[in-house]
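Student: Starting off with a structure, shown below.
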Amino acid sequence: MTNMPDDIDGVRLIVDRAFEQYRDHDNKQSTLIPLLQEVQSKIGYLPEQALERVSQLLNLSTSHIYGVATFYHQFRLRPKGRHMITVCRGTACHVKGSLEVNELIMSELGIAPPTDTSKNGLFTLQQVRCVGACSLAPVMKIDEEFYGNLDPAKVRRILSRYNEEES
Ligand code: FES
């Protein structure tokens, strides 16, 4: 979920407050990553206005800030979807077809790299190594709910249930 304030002043205020603790740091470069982490923890991602404000406060170019924010996987430049789908890509799930499950979800939800979130903002898709339920392979989680022994029909059914609940 994003906590994105709905105005530029709100974003600016969040960044300014986060910056308070670094105000006396001389090394702007070493302040950048912890400041971005702090802002992201408050907003849920790093909106353009936040990056611009960070650029002003640290006196670093916006292209440099963007470069850092896009280099590290921990940073998101777009909000997360309402539901997090986690497809297990561990060995047990891989041999049972988790790659196909992942591709099916991407095509059903219209997710294509570099984006990981559906256009309607409902789902964000991620992959992990093992979710600890190998006997149910292939497995995915949606938020905290586990779904195992997946096949294409089951994946479609599960996704449409979530879509219906949200409509
Ligand atoms: S490899 Fe998928 S749950 Fe363990």
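Student: Out of all the residues in segment 134-157, is one or more in contact (Cβ under 8 Å) with a residue 24 or more places away in the chain, surrounded by fewer than 14 Cβ atoms within 10 Å (Cβ to Cβ) and within 17 Å of the chain's Cα centre (by Cα)?
Tutor: Taking every residue of segment 134-157 in turn, at least one turns out to be in contact (Cβ under 8 Å) with a residue 24 or more places away in the chain, surrounded by fewer than 14 Cβ atoms within 10 Å (Cβ to Cβ) and within 17 Å of the chain's Cα centre (by Cα).
Student: Ok, one more. Exactly one condition in (1) modelled with pLDDT under 95; (2) out of contact with any helix residue (DSSP H, G or I) (no Cβ under 8 Å at 6 or more places or on another chain); (3) crowded, with 16+ Cβ neighbours inside 10 Å is not met by residue 121; state its number.
Tutor: (3)
Student: Against the conditions (1) over 17 Å from the mean Cα position of the chain (by Cα); (2) closer than 30 Å to residue 85 by Cα; (3) not charged (D, E, K, R), where does residue 58 fall short? Just the number, please.
Tutor: Checking residue 58 against (1) over 17 Å from the mean Cα position of the chain (by Cα); (2) closer than 30 Å to residue 85 by Cα; (3) not charged (D, E, K, R), the one that fails is (2).
Student: Could you check segment 76-106 and list, in sequence order, the residues that are away from the ligand (no atom under 14 Å from the Cβ) and without any contact (Cβ under 8 Å) to a residue 40 or more places away in the chain?
Tutor: 76, 77, 78, 103, 106
Student: For residue 68, indicate whether it is buried (at least 16 other Cβ atoms within 10 Å of the Cβ) and either more than 16 Å from the ligand (Cβ to nearest atom) or in the same structural domain as residue 39 (by TED's automatic domain parsing) (or both).
Tutor: yes
To keep it simple, each residue is scored yes or no on (1) of a type in the set (S, T, N, Q); (2) surrounded by fewer than 18 Cβ atoms within 10 Å (Cβ to Cβ); (3) more than 20 Å from residue 120 (Cα to Cα); (4) in the same structural domain as residue 131 (by TED's automatic domain parsing).
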{"position": "44", "(1), (2), (3), (4)": "no, yes, no, no"}
{"position": "50", "(1), (2), (3), (4)": "no, no, yes, no"}
{"position": "56", "(1), (2), (3), (4)": "yes, yes, yes, no"}
{"position": "78", "(1), (2), (3), (4)": "no, yes, no, no"}
{"position": "87", "(1), (2), (3), (4)": "no, no, no, yes"}
{"position": "91", "(1), (2), (3), (4)": "yes, yes, yes, yes"}
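Student: Another question about this same structure. Tell me which residues, restricted to segment 67-91, are of a type in the set (Ser, Thr, Tyr) and modelled with pLDDT of 95 or more.
Tutor: 86, 91
Student: Check segment 32-46 and report whether any residue there is in contact with a helix residue (DSSP H, G or I) (Cβ under 9 Å, 6 or more places away or on another chain), away from the ligand (no atom under 16 Å from the Cβ), in a helix (DSSP H, G or I) and acidic (Asp, Glu).
Tutor: yes
The values are calculated or read from the model by the stated rules, or taken from the named source; none is laboratory data. Computed from a prediction, not measured in an experiment: that's the story for all the values here. Quick reminder, even Gly has a Cβ in these numbers, built from the backbone with ideal geometry, and neighbours come from all protein chains shown.
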